[in-house]
Amino acid sequence: MIHPATEPAPAFDITRASHIALTVADLGASLDFYREVIGLLLSARDGDTAWLRGVEETAHHSLILRQGPVAACDYLGYRVRDAGQIDRAERHLTDMGLSPRRVEVPEQGPSLRFSDPAGIPVELCARMSTLPRRQNRTASHRGAPALRYDHVQVQVPDVYRAAAFYTGLGFRISDCSRAPGDRLFSAFLHRKNNPHDLVLGCRQGPLMHHFAYVAETANLFRAGDIAADLGFGARVEYGPSRHGQDHAAFLYLRDPDGHRIELLGHPIQIVDAEDGTICRDVTERAQFVPWGPRAAQSYLTEASRFPGVEPGEATIRRTW
């Protein structure tokens, strides 16, 4: 099998990708970008830290911004079913030699941090405090407005090895691509009912390529227009266009520190057990973007670092 199989009875129950934490050089500039262009809501701010959420989200935050000297992606966050899953996760990850540690995080319930076998820093969270949804308060909407956090894409040197850890935790692979020699080049992994909570691609890494929020498709153009109007026009990197795998329209932007965010239209649903993995040849460009221009070179070569993690070289050398 070109991709690892899903463990049907994982040791603990992850439900979805839920949040991401970034270090930024200028919190004020970042807040201007994420509130005015992306349209996120500011849930709270305490000194050099801000917590934001999409207009559909009740969870207190899906994006944490911390001001610091070096821009980076601090960690990727996932929700687990309940507090008991944190206990189970701690035991399982300890048995794997991953040295998980309990952490106290504002507005979160029991939380656990560790680095996965690829070196990606991860936080598991059992619950968050809640705030009202604002999707119907359209007169107050800014930017896109982003609706909800959806997924994150990470570059890793060895996709099979990285994916095997997550399929061992119950993630399913909705789509993947194979390089010459039937080697796994990319994998879309999910726990919720769409194609992706975590996307892995074979490049130098681990590096955070982008994180994504769902937005209404028409509002991708609105986000671009507002970005231009507010002086962020050069931060629009790629799109609008449409993906092949999840059939979602997309727009990629770079924040003031270069962190890449994707706004995407509503992706297809992946629900039933018989929704098997679709694996395509990596050279079939239409699987990624069936029409429109190719990605900018920066999209292919630039990504955000994880603190203290030295990227390794990809195990598959691109020859196509």
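The values are calculated or read from the model by the stated rules, or taken from the named source; none is laboratory data. Note that the coordinates shown come from a computational prediction; the quantities given were computed from them, not determined experimentally. Cβ placement follows ideal geometry from the backbone for every residue including glycine, while neighbour counts extend to all protein chains displayed. Ligands, DNA and RNA are excluded from the accessible area calculation, which covers all protein heavy atoms including side chains. Shrake-Rupley method; radii C 1.70, N 1.55, O 1.52, S 1.80 Å.
Things to note:
- Karplus (6.51, -1.76, 1.60) ³J(HN,Hα), θ = phi - 60°, over the range 151-166, in Hz, Gly and Pro reported as x: 7, 9, 10, 10, 7, 9, x, 10, 5, 4, 4, 5, 5, 4, 4, 6
- Dividing the summed -39500 (n - 2.57) terms of all DSSP H runs of n ≥ 4 by the residue count of the chain sets its mean residue ellipticity at 222 nm at -4500 deg cm²/dmol.
- For the range 249-262, 3J(HN,Hα) computed residue by residue from phi via the Karplus equation (6.51, -1.76, 1.60; θ = phi - 60°) reads 5, 9, 8, 9, 10, 10, 6, x, 9, x, 4, 9, 10, 10 Hz, glycine and proline entered as x.
- About its Cα centre, the range 228-320 has a charge dipole of approximately 400 debye under the convention of +1 per Lys or Arg Cβ and -1 per Asp or Glu Cβ, with nothing else charged.
- Under 5 Å, built H, 5+ apart or other chain: amide partners of Glu123: Leu76, Gly77, Tyr78
- Two-site label geometry, Ala139 and Asp229: point separation in nm, points 7 Å out along Cα→Cβ: 1.8 nm
- Heavy atoms of the protein chains alone define the surface here; on that basis the chain has 42 Å² accessible area per residue at 1.4 Å probe size.
- DSSP-defined beta bridges in the chain - what % are antiparallel, rounded to 5: 70 percent
- The mean sequence distance of close C-alpha pairs (under 8 Å, at least 6 residues apart), as a share of the length of the range 166-320, puts its relative contact order at 29 percent.
- Three-way shape call for the range 1-49 based on the alpha-carbon gyration tensor, with the a/c threshold at 1.5: prolate
- Karplus-based coupling profile of the range 27-35, in residue order and whole Hz: 4, x, 5, 5, 5, 4, 5, 6, 7, with θ = phi - 60° in 6.51 cos²θ - 1.76 cosθ + 1.60 and x standing for Gly or Pro.
- Remark: relative contact order (the chain) = 19 percent; criterion is Cα-Cα distance under 8 angstrom and separation of 6 or more residues.
- With every protein chain in place, the chain: carbon and sulfur % of accessible area (1.4 Å): 47 percent
- Comparing Val236, Val159, Val309 in a Gaussian network model of the chain, where Cα atoms under 10 Å apart are tied by springs, the biggest mean-square fluctuation is seen for Val309.
- Split the chain at each of the GluC sites (Glu not before Pro) in a DSSP loop with at most 11 other beta carbon atoms within 10 Å, and the longest piece is 105-273.
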